Amino acid sequence: MKTGDGKRKLPSGWRWARLEAVCKVASGSTPRTGVSEYWNGDIPWVTPTDLGRLDRPVLAATERQITLSANMDETLTRLEFSVE
């Protein structure tokens with residue numbers, strides 16, 4: 001749903017903020033989708049699609065998951081994060 005000024009209507013308790021004010025913004029790479037042993041694992045793989053579907057300020061699940069083999073691929077960019 002959008003407001004009159006074209007912005008999305010925010011859920012109760014949310015406020016507008018610049019993304020870099022609340023998280024680290026980075027671009028990386030995706031594990032090769034043609035390597036089946038990289039996918040359907042236990043490690044959440046966050047995509048812009050996952051972020052666009054948020055209805056609260058918590059990412060509880062992702063559409064795709066990778067395996068430890070994909071995580072060990074040296075061509076990937078890794079981001080450090082903490083779980084609170």
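Readers should treat all values here as calculations from the given coordinates under stated rules, not as data from a laboratory. Everything numeric here is computed off the predicted structure, so don't read it as measured data. Cβ atoms come from the backbone with ideal geometry, glycine included; neighbour counts cover every protein chain shown.
Farthest towards the positive end of the charge dipole of segment 1-79, among the residues Pro44, Leu76, Val25, is the Cα of Val25, using unit charges on the Cβ of Lys, Arg, Asp and Glu.
Treating r as the C-beta distance of Arg32 and Arg8 and R0 as 41 Å, the FRET efficiency rounds to 0.75. For segment 1-79, just list the percent of Cα-Cα distances falling in each 10 Å bin from zero outward, please. Bins of 10 Å from zero give 15, 40, 27, 15, 3 percent of pairs. Dipole size of segment 1-79 about its Cα centre, with +1 on Lys/Arg Cβ and -1 on Asp/Glu Cβ: approximately 580 debye, rounded to the nearest 20.
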